[in-house]
Amino acid sequence: MIYLRPESITTKRLMSLLGILGVIISGTMELRFQPLGRWLEGHFGSPTYRVALDAGSTCPNRDGSKGFGGCVYCDVEGSGTGALRTGQDLSEQLEQGLKRVSRRQQHAGGAHGAIAYFQSYSNTYVETARLKEVLRVVEPHLGGQVVAVSVASRPDTLPDECLDILEELSQRVEVWLELGLEAADDDLLIKIGRMHTVDEFYEASERAAARGIGVVGHAILGLPGDDREGAQRTAEVLAASQVWGVKVHHLMVLKRTILEGWWRQGDVETLSPEVYVEWLADFIERLHPDQIVHRVTGESPPEKLLAPHWEVSKNWVREQLTRTLALRGTEQGSKCTTKAPPLFARESRPPIRG
Ligand code: SF4
């Protein structure tokens, strides 16, 4: 038996080659996780693209109800496009976005659907009349280009009256609700200014899923004070919640955020792409096999990004994730301890495997 020292370069190369070989043998399209793109094609029968919308809401972390300045990593646009500030009203934003989707359709020569994505701030942190007014913008496009509506919110800004409105809309179009968990640690959630608890996340995801709404949970790996075990715990909480979709990305330091100050003082370290992929593989292994992975990496406009400056593409992250899982002989759900799939997946799971 040949013993290979794990730290030797030859061993690393050999292991990498074996991983690549494993990917090739098992088929290059075998991703070892459930990506959203494949789910969308299986569900809607065509490629589907997001149209990001800014409804000009706010959130309790910014207006003083819970805090000022926002979550430490969030910029003044509320993690969104900031389109409303530039004077573009909601219907204009949607019309322009749908035109962009149509142009893609012409290039590709097939039908493309669109997801109207109310991205910025917390969209259910408004009067019900305002939420109705905001959502009304999609009405002319239902049954046409808009095949799903996705609404970003927070676990602690989800009154029943808002869920009533979303549930009513879900009778006519697929509705998703995006909720940030970010990290499964109450102390850390206070430190990074989230100002909600893990239990509130569980409860909000259950209430929304019970209404037939697809809940998408967010996670950030590498938050200050978090570590590899923390990333694993976050995946375990997501797997045990009623989250149907998962978005995960690495910590990014953006200009005009609280994090910028911490980073300039040398108090924040960001992950290298190689380390991120290892943590990401741990994370994916602990998700439920029926959860849909909407995103495995993040990106930010270059003019806003302070760190990290990765010289790798989104595809590189996906490929390395697949290789790492192949090398480990694992896949999404390999280390999941939650048996039951989330409610929404049970109801609407399309035939996407294989
Ligand atoms: S809750 Fe969302 S919008 Fe509000 S500060 Fe945090 S990330 Fe930004």
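What follows draws every value from the coordinates through simple rules; no lab data is involved. Here the structure is a predicted model, which is why all the values come from computation and not from measurement. Here the Cβ positions follow ideal geometry from the backbone for every residue, glycine too, while neighbour counts run over all protein chains shown.
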ask   = Looking at the range 104-172, which trypsin sites (Lys or Arg not before Pro) are in a loop (DSSP not H, G, I, E or B) and have at most 15 other Cβ atoms within 10 Å?
value = 172
Estimated 222 nm signal from helices in the chain, with DSSP H stretches of n ≥ 4 weighted -39500 (n - 2.57), rounded to 500 = -12000 deg cm²/dmol
query = Near residue 132, which aspartates and glutamates are there with a Cα under 18 Å away, not counting those fewer than 8 places off in the same chain?
reply = 54, 89, 92, 160, 161, 164, 167, 168, 174, 178
task = State, as an integer percentage, the relative contact order of the range 28-342 based on alpha-carbon contacts under 8 Å between residues 6 or more apart.
result = 18
ask   = Over all Cα pairs of the chain, how is the pair count split among 10 Å bins, expressed in % and running from 0 up to the last occupied bin?
value = 5, 24, 34, 26, 9, 2, 0, 0
query = For residue 316 and residue 106 in one chain, what is 0.36 nm times their gap in residues minus the Cα-Cα distance, to one decimal in nm?
reply = 72.8 nm
ask   = Once both labels are modelled 7 Å past Cα along the beta-carbon direction, what's the residue 66-residue 133 spacing in nm?
value = 2.5
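Given N residues in the range 235-328, what is Rg(Cα) / (2.2 N^0.38 Å)? List each step's numbers first, then the result.
Working: Rg = 14.6 Å, N = 94, 2.2 N^0.38 = 12.4 Å.
Against the compact-globule rule of thumb, the ratio is 1.18.
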message = Tell me which trypsin sites (Lys or Arg not before Pro) from the range 211-317 have a DSSP coil assignment and no more than 15 other beta carbons within 10 Å of their own.
response = 255, 256, 304
message = Please enumerate, by chain and number, the aspartates and glutamates with C-alpha under 12 Å from the C-alpha of residue 66, excluding those fewer than 8 residues away in the same chain.
response = 156
key: the range 241-281 and the range 136-192: distance between their alpha carbon centers, rounded to Å   = 23
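If you average over every viewing direction, what projected area does the convex hull of the Cα atoms of the range 120-237 give, in nm²?
Details: hull surface 30.3 nm².
For the range 120-237, the mean projected area of the Cα convex hull comes to 7.6 nm².
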message = If you fit an axis through the alpha-carbon atoms of helix 198-209 and take the longest principal axis of the Cα set of the chain, what angle between them do you get, 0 to 90°, nearest 10?
response = 60
note = Given GluC sites (Glu not before Pro), DSSP loops and at most 14 other Cβ atoms within 10 Å, the longest exposed-site-free stretch of the chain is 128-268
